[in-house]
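Here's the structure we're looking at; comments come further down.
The values are calculated or read from the model by the stated rules, or taken from the named source; none is laboratory data. Since this is a predicted model, take the numbers as computed values, not measurements. Please note: Cβ atoms are built from the backbone with ideal geometry, for glycine as well, and neighbour counts cover all protein chains shown. We work out accessible area using only protein heavy atoms, side chains counted, and drop any ligands, DNA or RNA first. Shrake-Rupley method; radii C 1.70, N 1.55, O 1.52, S 1.80 Å.
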Amino acid sequence: MIDDQKIAYLDNAATMPMPDEVLEVIDTYYHAHKVNVHRGMYRLAHQVTEQYEAVRQATANFINAQDSSEIIFTSGTTDALNLVAFGYAEKQLQPDDEIIISVLEHHSNFIPWQRVARKTGAKLKIVGLDDQQNLDMQQFSELLTEKTKLVAITLVSNVLGSIVDAKQIIEQTHHMGGSGCIRCCSSSWSFTLRCSKIGCGFFSLFWT
């Protein structure tokens, strides 16, 4: 409500109101279950740890991961992408290596790669759009080389709604010896995700 008038909130791609069910779980945790997971031998700590791991398993089931150990919780997708960029890629990339992103990317999957490229001397390549405003797959194939070490692409554009053929991109990237990072914040509720079939090394989403 704003000035006693109902509003239609459409900025969910940036952040979203929490459902009452989520707020109730948070409230219960802080009032009655505020203990650390994986840190205590007493009954309450064990109970909370089991609940925590159940959420990890539910997340794995939701995105069709092969195992719950593949799921890493972060403060959000931006944090997750920063971990990939600065915790992994920055330490792996060498001068003249290549990173490929696209013009469809959200800043959270654009700026980190610009910074990593500057720090490491890697070359940043950007894929454009075709006449239908979809990712230009022909251009992607032309930009992809044996020097391409990482491809960071969104699964669904939060601006245009364009759906990217992530499976094909990852297959081509792997064929050249590179790794893939897929950002799927705008797609996790749109269709069934099967990250095991996509086969990317890093798969980031926001799930409330």
Only one of (1) open to solvent by 70 Å² or more (accessible area, probe 1.4 Å); (2) at pLDDT 90 or above; (3) assigned to a helix (DSSP H, G or I) does not apply to Lys149, and that is (3)
Restrict the check to region 136-145 and report whether at least one residue is modelled with pLDDT of 90 or more, of a type in the set (Val, Ile, Thr), assigned to a loop (DSSP other than H, G, I, E, B) and over 13 Å from the mean Cα position of the chain (by Cα).
yes
Keeping to region 63-80, report how many residues are in a loop (DSSP other than H, G, I, E, B) and under 27 Å from Thr15 (Cα atoms).
9
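Residues checked against (1) among the β-branched types (Val, Ile, Thr); (2) more than 23 Å from Val156 (Cα to Cα); (3) touching a strand residue (DSSP E or B) at 6+ places or on another chain (Cβ under 6 Å); (4) outside any helix (DSSP H, G or I):
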{"position": "Ile7", "(1), (2), (3), (4)": "yes, yes, no, yes"}
{"position": "Val22", "(1), (2), (3), (4)": "yes, yes, no, no"}
{"position": "His31", "(1), (2), (3), (4)": "no, yes, no, no"}
{"position": "Val35", "(1), (2), (3), (4)": "yes, yes, no, yes"}
{"position": "His38", "(1), (2), (3), (4)": "no, yes, no, yes"}
{"position": "Glu53", "(1), (2), (3), (4)": "no, yes, no, no"}
{"position": "Gln57", "(1), (2), (3), (4)": "no, yes, no, no"}
{"position": "Asn61", "(1), (2), (3), (4)": "no, no, no, no"}
Hits in region 81-126 - residues which are part of a helix (DSSP H, G or I), open to solvent by 20 Å² or more (accessible area, probe 1.4 Å) and closer than 17 Å to Ile182 by Cα:
Asn82, Leu83, Phe86, Gly87, Tyr88, His107, Ile111, Gln114
Could you look through region 41-50, keep only residues that are open to solvent by 90 Å² or more (accessible area, probe 1.4 Å) and not basic (Lys, Arg), and pick out the one that is nearest to Thr74 (Cα to Cα)?
Glu50
Any chance you could count how many residues in region 160-179 are without any contact (Cβ under 8 Å) to a residue 60 or more places away in the chain, under 15 Å from Val103 (Cβ atoms) and part of a loop (DSSP other than H, G, I, E, B)?
3
